[in-house]
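Take a look at the structure set out below.
The values are calculated or read from the model by the stated rules, or taken from the named source; none is laboratory data. Keep in mind that what you see is a predicted model, and the values were worked out from it rather than measured. Backbone-built Cβ (ideal geometry, glycine too); neighbour counts: all protein chains shown. When the accessible area is computed, the model is the full protein with side chains, heavy atoms only, and any ligands, DNA or RNA have been set aside. Shrake-Rupley method; radii C 1.70, N 1.55, O 1.52, S 1.80 Å.
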Amino acid sequence: MNKLSACSSMACGISLQPKMVLASLRVRKQGNGRCTNVPRNVNLEKLQNNYLFPEISKRELQHLEKYPNAKVISLGIGDTTEPIPEQISLSMANYAHALSTADGYRGYGAEQGNQALRKAIAETFYKDVAIKDTEVFVSDGSQCDISRLQLLLGSKVTIAVQDPSFPGYIDSSVIIGQAGNFQDKTGKYQNIEYMQLGPQNNFFPDLTVTPRTDIIFFCSPNNPTGHAATRKQLQHLVEFARDNGSIIIFDSAYAAYISDDSPKSIFEIPGAKEVAIEISSFSKFAGFTGVRLGWTVVPEELLFSGGFPVIHDFNRIVCTCFNGASNIAQAGGLACLSPEGFQAICAVIDYYKENAKILVDTFASLGLEVYGGVSAPYVWVHFPGSKSWNIFAEILEKTHIITVPGSGFGPGGAEYIRISAFGKRKHIIEASWRLEKLFSKGKPLCNCLK
Amino acid sequence: MSLMNNLSTSMISSSSSTFFAPTSFNSRTQSVSVPLKSINIVKCVATPQEQQNAYKTKVSRNANIAKLQAGYLFPEVARRRAAHLLKYPNAQVISLGIGDTTEPIPDVITSAMAKRSHALSTLEGYSGYGAEQGEKALRAALASTFYRNLGIEDDDIFVSDGAKCDISRLQVVFGSNVTMAVQDPSYPAYVDSSVIMGQTGQFQKDVEKYGNIEYMRCTPENGFFPDLSKVARTDIIFFCSPNNPTGAAATREQLTRLVKFAKDNGSIIVYDSAYAMYMSDDNPRSIFEIPGAKEVAIETASFSKYAGFTGVRLGWTVIPKQLLFSDGFPVAKDFNRIVCTCFNGASNIAQAGGLACLSSEGLEAMQEVIGFYKENTKIIVETFNSLGFKVYGGKNAPYVWVHFPGRSSWDVFSEILEKTHIVTTPGSGFGPGGEGFIRVSAFGHRENVLEACRRFKQLYN
């Protein structure tokens with residue numbers, strides 16, 4: 001069941017978040033009722049809004065209520081749309097059937113993941129950089145892994161994030177108690193270091209002006225900017241981390257979209273094993289956004305300041321706070337990494353990349369500043385002097401296209417819009433046509449400038 | 001096809017192979033098994049040696065994790081089992097330790113999961129991200145199956161990848177500044193997640209308890225229900241019924257007292273109902289059967305022990321709208337935020353299976369499997385009774401709690417393992433209140449359970 005409707009002419013079942021909010025407001029209005037004496041977690045109070053993506057869903061829902069016949073095209077949440085290649089879903093179906101047999105039934109799996117899958121991940125993605133299968137932890141996805149890593153690290157570490165960046169890093173940091181208070185003036189949390197990315201620095205932070213933090217979240221290819229860090233840039237990053245004794249959490253969820261010879265793994269950089277953790281996912285790689293499968297690599301060489309191996313503590317978290325990814329999803333993962341499965345997946349990725357190209361060409365032809373879309377399924381469009389939520393609203397109102405306002409990814413995204421390239425080709429083409437109509441009027445969008 | 005074989009051979013279930021290949025490891029042990037060079041095996045047991053000359057980052061280790069005394073209980077049991085198999089490669093080990101289901105999942109359920117898998121390859125059937133709270137139809141089915149007439153609505157239910165994960169997510173909601181109470185003995189994830197979250201003080205070796213946790217002793221003397229008049233107020237109270245490990249099922253009267261206790265103290269009960277369907281007696285299966293519970297309780301539950309979904313991963317948590325923090329803020333709202341930010345929904349295929357579980361055919365099939373395990377439990381209870389042991393539990397839960405007065409439970413565990421090649425779980429792994437007890441789990445193929453009972457009789461006669 002799709003969470004969102006793409007190009008649908010009727011409202012359909014969508015994420016329940018808005019209804020949830022209404023229901024809880026109703027309770028509050030009725031007065032105190034009977035409260036417990038349990039104090040609310042102050043960290044959760046610090047969160048400014050709903051998580052970004054349910055908020056986007058909510059806006060889509062509201063828009064559909066307003067225009068029930070609108071053919072909404074969702075280029076907002078990066079949700080995959082193309083069916084999973086048959087051999088992969090067949091593997092999962094077979095595995096499911098086998099669970100009904102005496103020989104094929106499996107109970108609890110290893111929390112760290114099925115051994116064959118861990119091996120396949122190590123061999124497929126890390127063969128040349130000597131990451132062992134025992135350093136690979138299979139999970140139910142990066143969003144969950146990020147939070148488990150935060151549980152591992154605790155509330156007393158400091159973090160740096162790219163600005164803009166995937167909101168899961170900041171929000172999980174706030175939740176765990178690292179972030180300090182939100183400052184309305186700057187749009188930033190007090191204790192978080194925001195490493196600005198922009199065209200002026202080629203979407204790679206100026207590390208010479210970046211103070212030391214314990215942890216550095218780094219996503220490449222980047223969500224939302226689409227920039228894939230070069231080997232040289234990542235060497236600087238690893239050097240920076242080594243000099244500062246910091247740990248990089250490298251998010252390589254979009255590595256399969258890389259078009260040039262930019263590194264696909266942080267571990268391609270010498271010395272990285274002593275300063276980095278890598279997280280990744282089958283979501284955008286194999287269309288597993290609903291199936292739920294990902295992995296985290298923690299090298300044995302990565303040590304806390306007292307010399308204690310990080311992998312030991314991560315393993316403890318995985319054994320205590322988690323119980324393994326679904327065995328059926330893992331069967332699917334193994335099929336993804338077979339030669340035929342991998343090939344089939346690459347074809348789907350190429351499909352999305354072609355979508356991205358169409359969107360990039362569209363914006364470029366309109367004379368807009370467009371970034372990304374080459375090594376990532378996201379197109380990052382700059383509307384200088386604008387407020388991104390206003391642009392978002394204008395685009396939605398006038399073309400019925402959902403995008404994501406850049407400020408949802410941090411203050412560094414304030415003047416940008418992220419357009420995701422997942423979608424059926426015909427919708428991408430239709431969306432491009434609508435955007436061309438909107439933007440080629442020659443005048444700037446009204447109400448969008450400050 | 002070879003892929004599936006790959007997967008199968010590396011995840012050999014302990015139960016299916018006890019009488020056969022000697023090198024049959026429970027998949028759990030694979031993570032900690034030979035070759036011993038694997039650094040993970042050391043990690044589950046004790047603090048590894050600090051590596052003096054290697055490059056070290058300047059990031060301090062999380063002091064909370066440093067408080068944990070050893071590996072999580074069940075990997076430790078698995079480690080011991082693996083070590084035992086190394087010592088006796090031809091032993092026919094029977095696992096009555098980790099509560100791992102062994103019987104195949106009924107067809108009606110797996111067919112639904114296979115169907116959903118196939119559908120993911122079609123245009124009409126493909127779905128991407130699902131609602132983080134779970135698929136609507138499943139939430140509705142859970143509400144009507146388990147909470148009909150209890151005033152619990154569909155959107156009070158949050159589908160998850162299992163109770164263990166939900167416990168940690170609840171801890172993340174609560175944060176480090178709350179106090180908690182647990183039954184003693186209890187499922188170790190409550191205490192361990194509390195330590196990780198920073199709610200506790202240091203482990204006190206003399207009493208085997210973490211500072212700042214209220215341990216509510218449950219013993220044969222108090223009918224395995226804590227004397228609430230002696231329990232200090234805490235913000236959160238973890239309560240599992242039917243109980244893991246003791247098998248005790250709280251009565252309506254007891255739960256009414258518990259709810260009153262929570263109400264009087266302004267506490268929140270986290271009620272673990274993972275074994276509710278094993279209830280034989282006429283005890284409440286949901287805390288929400290108790291009037292007033294919606295204002296003081298959260299309930300967590302799982303498909304693991306009902307549908308054999310231990311590997312498939314599916315559970316749920318119920319948070320009533322009426323449950324409020326001290327400032328009036330609804331707990332469900334914060335839980336929803338955590339679910340949206342720290343989680344991304346249970347696997348859609350697992351959820352399709354869950355929906356099939358709750359069809360009338362599915363429910364009937366689950367009852368049959370549960371009945372099978374309950375019969376196992378009966379056999380084990382009778383065995384220990386006949387040997388003159390004081391035996392508890394086993395009536396309303398798939399666990400038998402056997403008393404070995406005056407003995408160290410790890411010693412009894414080792415003796416049983418050494419002399420009968422049967423894996424159990426030492427009671428002290430569940431808290432100091434478990435010392436002197438052994439938990440025998442009733443999951444297993446019937447012939448293994450019968451064989452195990454023969455061996456127990458041999459050892460203890």
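Computed values, structure above
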quantity	calculated
Flag for residue A:229 being out of contact with any Pro (no Cβ under 6 Å at 6 or more places or on another chain), of a type in the set (Gly, Ala, Ser) and under 30 Å from residue A:316 (Cβ atoms)	no
Criterion (open to solvent by 20 Å² or more (accessible area, probe 1.4 Å), more than 8 Å from every other protein chain (Cβ to nearest Cβ) and of a type outside the set (Asp, Glu)) met by exactly one of B:92, B:171	B:92
All strands (runs of 3 or more DSSP E) inside segment A:102-209 with 3 or more residues being more than 20 Å from residue A:334 (Cα to Cα)	A:159-163, A:193-196
Test: residue in segment A:392-400 that is within 20 Å of the chain's Cα centre (by Cα), modelled with pLDDT of 95 or more and not in a helix (DSSP H, G or I)	no
Pair list, Cβ < 8 Å and 6+ apart or interchain, from segment B:328-345 residues that are among the hydroxyl-bearing types (Ser, Thr, Tyr) to residues that are at pLDDT 95 or above	B:341/A:143; B:341/A:147; B:341/A:168; B:341/A:171; B:341/A:172; B:341/A:175
Among (1) more than 8 Å from chain A (Cβ to nearest Cβ); (2) surrounded by 21 or more Cβ atoms within 10 Å (Cβ to Cβ); (3) touching an Asp or Glu at 6+ places or on another chain (Cβ under 7 Å), the one test that residue B:142 misses	(3)
Test for residue A:329: is it more than 29 Å from residue A:379 (Cα to Cα), touching a strand residue (DSSP E or B) at 6+ places or on another chain (Cβ under 6 Å) and crowded, with 24+ Cβ neighbours inside 10 Å	no
Pair list, Cβ < 6 Å and 6+ apart or interchain, from segment A:373-392 residues that are closer than 20 Å to residue A:351 by Cβ to residues that are part of a loop (DSSP other than H, G, I, E, B) and among the aliphatic types (A, V, I, L, M)	A:375/A:228; A:375/A:258; A:377/A:421
Criterion (modelled with pLDDT of 95 or more, more than 7 Å from chain B (Cβ to nearest Cβ) and more than 22 Å from residue B:308 (Cα to Cα)) met by exactly one of A:342, A:304, A:308	A:342
Some residue of segment A:261-280 being among the polar types (S, T, N, Q), buried (at least 24 other Cβ atoms within 10 Å of the Cβ) and touching a helix residue (DSSP H, G or I) at 6+ places or on another chain (Cβ under 6 Å)	no
Conditions (1) out of contact with any Gly (no Cβ under 9 Å at 6 or more places or on another chain); (2) within 19 Å of residue A:289 (Cβ to Cβ); (3) of a type outside the set (S, T, N, Q); number of the one not met by residue B:323	(2)
Any chance residue B:237 is crowded, with 24+ Cβ neighbours inside 10 Å, in a strand (DSSP E or B) and within 12 Å of another protein chain (Cβ to nearest Cβ)	yes
So residue B:437, is it under 20 Å from residue B:70 (Cβ atoms), of a type in the set (A, V, I, L, M, F, W, C) and modelled with pLDDT of 95 or more	yes
Out of B:186, B:121, sole residue that is facing chain A (nearest Cβ under 8 Å) and among the polar types (S, T, N, Q)	B:121
Those residues of segment A:32-68 which are in a helix (DSSP H, G or I), more than 11 Å from every other protein chain (Cβ to nearest Cβ) and out of contact with any strand residue (DSSP E or B) (no Cβ under 8 Å at 6 or more places or on another chain), in sequence order	A:58, A:61, A:62, A:65, A:66
Segment A:173-194 residues that are closer than 21 Å to residue A:144 by Cβ, paired with ones that are charged (D, E, K, R) and surrounded by fewer than 18 Cβ atoms within 10 Å (Cβ to Cβ) (beta carbon under 9 Å, 6 or more apart)	A:174/A:46; A:175/A:46; A:177/A:46; A:177/A:156; A:178/A:156; A:179/A:46
Which numbered condition residue B:207 fails, given (1) in contact with a helix residue (DSSP H, G or I) (Cβ under 7 Å, 6 or more places away or on another chain); (2) under 18 Å from residue B:342 (Cβ atoms)	(2)
Check on residue A:163, more than 22 Å from residue B:173 (Cβ to Cβ), modelled with pLDDT of 95 or more, among the acidic types (Asp, Glu) and touching a Gly at 6+ places or on another chain (Cβ under 8 Å)	yes
One residue from A:202, A:244 being more than 19 Å from residue A:356 (Cβ to Cβ), in contact (Cβ under 8 Å) with a residue 24 or more places away in the chain, surrounded by fewer than 18 Cβ atoms within 10 Å (Cβ to Cβ) and not charged (D, E, K, R)	A:202
Enumerated strands (runs of 3 or more DSSP E) restricted to segment A:246-298, each holding at least 3 residues that are among the aliphatic types (A, V, I, L, M) and within 14 Å of chain B (Cβ to nearest Cβ)	A:247-251, A:276-281
Some residue of segment B:360-373 being within 14 Å of another protein chain (Cβ to nearest Cβ), over 24 Å from the mean Cα position of the chain (by Cα), open to solvent by 10 Å² or more (accessible area, probe 1.4 Å) and more than 30 Å from residue B:207 (Cβ to Cβ)	yes
Residue B:112 vs. criteria more than 7 Å from chain A (Cβ to nearest Cβ) and crowded, with 18+ Cβ neighbours inside 10 Å	yes
Hits in segment A:166-191 (condition: of a type in the set (Val, Ile, Thr) and either closer than 20 Å to residue B:175 by Cβ or crowded, with 20+ Cβ neighbours inside 10 Å (or both))	A:170, A:174, A:175, A:176
Candidates A:95, A:108 - the one that is open to solvent by less than 10 Å² (accessible area, probe 1.4 Å) and at the interface with chain B (Cβ under 7 Å from one of its Cβ atoms)	A:95
Helices (runs of 4 or more DSSP H) contained in segment B:262-359 and holding at least 3 residues open to solvent by 10 Å² or more (accessible area, probe 1.4 Å) and more than 7 Å from chain A (Cβ to nearest Cβ)	B:348-357
Test: residue A:397 is open to solvent by 20 Å² or more (accessible area, probe 1.4 Å) and either of a type outside the set (D, E, K, R) or within 19 Å of residue A:164 (Cα to Cα) (or both)	no
